[in-house]
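A short write-up of the structure that comes next.
Bear in mind these aren't lab numbers, they're just calculated from the coordinates by the rules spelled out. As the structure is a computational prediction, the values presented were derived from the model and not from experiment. Quick reminder, even Gly has a Cβ in these numbers, built from the backbone with ideal geometry, and neighbours come from all protein chains shown.
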């Protein structure tokens, strides 16, 4: 049986992907990142950020000719990278440290070494956001208008390879995601306008092989802490992690979560 490599970053997505792959009968070889990946992962190897040669070595030995990227790397850590020879090769090709530019450069050098990077989405269709409400609440008319404004702003933001999240209230963009990440963006936006709507969308030039927008119960926790009232996610593009738990948390907090 062909084996699939899982190059794991942070968050719940790598764990959920590994579980879904196992249910589908796939044989998965996990390479996890120290200080980033969930310790619960049954990893064949743990590597430091930038050790791309080690990743290739582990996947080759396991017979995995294809691999997926799952989970992010906290952007401040990109400035503390300790590359090996293959990591240096990827760094030399990076036009910037923007998500897409960096990941494309990394994917390119891995593929040159015989590890083809593929999209994780076809393997976990149950995680992809559907159109409509996730829980019991629907967006109000005002929230829906803010979601439309936020979606346009998020796509403009994404086109510049900056981030995927914006916070909007009454048509005014209160915060946009940069290097600080989704939760911090939500906190900044909520501090400026209680009851705001949060929007998360894919970048127009998004490569489905990596960095798909993802939300989960922790996203709802961030909305509650910031006093935001709604979350709009791009249907067919965003991933929903721990869907039932997230829906229950949103319903309990009176927050509308909807695929748009």
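Numbers for the structure displayed
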quantity	calculated
Rounded to 5, percent antiparallel among DSSP beta bridges of segment 3-123	5 percent
Helix 217-226 vs. the chain, principal-axis angle (Cα, 0 to 90°, nearest 10)	40 degrees
Cβ-derived FRET efficiency at R0 35 Å, residue 152 paired with residue 3, nearest 0.05	0.25
Likely footprinting exposure, 146, 242, fewest C-beta neighbours within 10 Å first	242, 146
Packing-based ranking, highest mean first, of 19-32, 187-200 given that Cβ atoms within 10 Å are counted	187-200, 19-32
Bridge type composition, the chain - antiparallel percent by DSSP, nearest 5	30 percent
Over segment 3-123, relative contact order from alpha-carbon pairs under 8 Å, at least 6 apart, %	29 percent
Rounded if a/c under 1.5, otherwise prolate or oblate - the chain, Cα gyration tensor axes	prolate
Helix-only [θ]222 nm of the chain, DSSP H runs n ≥ 4, -39500 (n - 2.57) each, per residue, nearest 500	-11500 deg cm²/dmol
Segment residue 235-residue 92, length gained on full extension (0.36 nm per residue, minus Cα span)	47.9 nm
Residue 23/residue 131 FRET efficiency (R0 25 Å; Cβ-Cβ; nearest 0.05)	0.50
Relative contact order (%) - criterion: Cα under 8 Å, at least six apart; region: the chain	18 percent
